[in-house]
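Inspection log for the structure reproduced underneath, given as structure tokens.
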Amino acid sequence: MFAKNAILRGRAARYAWGPGPGALSIKSVLRGKAAWTTRAGRYELEPGQLLVLNEGEEYSIEVDALQPVETFCLFFAPGFVDDARRALITSSDELLDTGVAPRVEFFERVRFDRDLTDAVASSSFVEVAEALVRSEEDVETRIARLPSLRDATRRELARRLGIAAAVMHARSGEALHLDDVASEACLSPFHLHRLFRGFFGETPHRYLTRIRLERARALLRGTRRGVAEIANECGFESIGSFTTLFTRTFGVPPSRFRKNEEDALAAAR
């Protein structure tokens, strides 16, 4: 654990660490591919993707490539993001209370949103903490909506739903079924489907499809791999279904999206 906020940049073709517990952190890759493994599964990151790991979570990292891989990781001091959340949701009068801020737990692990990516690139811990908190600011409201009279039960259900979401993030490229996710979360498939929809606002299937599409968009933006290869890597059964879903979601076909990004980058230069 880091006692203070810290930035760690790495560059190596081969590297391994763990497993072991770590600080609340954000992992990213500037060049190449690196893999972090947690209880939920294996997260393979490439440029344009971020991985959020919770405080105390056990993980390991592995780099095995022909060319050096560059990683960029932010580690938060204990309580830093908790205090950021408290500052954003608490009135000025209440902030004078010196009580300990409750720990923030993040459910959605792999992120692709530009606001958070830009904040990480700026290396401003305050901006990153606030962007993280805003992405999860309605969690307490969602927990309160879970069907139980006891707060402790609702929080346990939220924890299990968080495990389900983490599994989908880690295994989005696989042929993942609801039964697999439900087993990891220690819930029945029916129970998981009903609770997941109420908590995350979409069914597990739609949630998984969105993750796959967002990952594909990041790969189109950050790599030179072909559309068919990206579709397969992101878990789509065919390039046809991938192209249809991508176009419906983002308004342009995958190939046009990549061309638009290249044109925008060239104009910026």
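The values are calculated or read from the model by the stated rules, or taken from the named source; none is laboratory data. The model shown is predicted, which means the values in this text are computed figures rather than measured ones. FYI the Cβ positions are ideal-geometry reconstructions off the backbone, even for glycines, and counts take in every protein chain you see.
Brief remarks follow.
- Evaluation of ILE26 against (1) at pLDDT 90 or above; (2) over 13 Å from the mean Cα position of the chain (by Cα); (3) not in a loop (DSSP other than H, G, I, E, B) (one fails), failing number: (2)
- Of all residues assigned to the stretch 146-166, none qualifies as being closer than 17 Å to THR38 by Cβ, without any contact (Cβ under 8 Å) to a residue 24 or more places away in the chain, under 20 Å from the mean Cα position of the chain (by Cα) and surrounded by fewer than 18 Cβ atoms within 10 Å (Cβ to Cβ).
- ALA218 vs. criteria out of contact with any Lys or Arg (no Cβ under 6 Å at 6 or more places or on another chain) and at pLDDT 90 or above: no
- Just one residue in the set ALA87, ALA77 is more than 25 Å from ARG212 (Cβ to Cβ), surrounded by 14 or more Cβ atoms within 10 Å (Cβ to Cβ), more than 18 Å from the chain's Cα centre (by Cα) and without any contact (Cβ under 8 Å) to a residue 12 or more places away in the chain; that residue is ALA87.
- Out of GLU94, GLU44, sole residue that is modelled with pLDDT under 90 and assigned to a strand (DSSP E or B): GLU44
- Residue ID - modelled with the highest pLDDT, chosen from residues in the stretch 97-121 that are within 22 Å of ALA170 (Cβ to Cβ) and assigned to a helix (DSSP H, G or I): VAL120
- Cross-chain or 6+ apart pairs with Cβ under 9 Å, the stretch 241-269 first and closer than 14 Å to ARG224 by Cα and at pLDDT 75 or above, then of a type in the set (Lys, Arg) and part of a helix (DSSP H, G or I): PRO254/ARG217; PHE257/ARG217; PHE257/ARG221; ARG258/ARG221; GLU261/ARG221
- Scan of the stretch 7-22 for residues that are touching a residue at least 40 places away in the same chain (Cβ under 8 Å) and more than 10 Å from CYS73 (Cβ to Cβ), ordered by number: ARG11, ALA12, ALA13, ARG14, TYR15, ALA16, TRP17, GLY18, PRO19, GLY20
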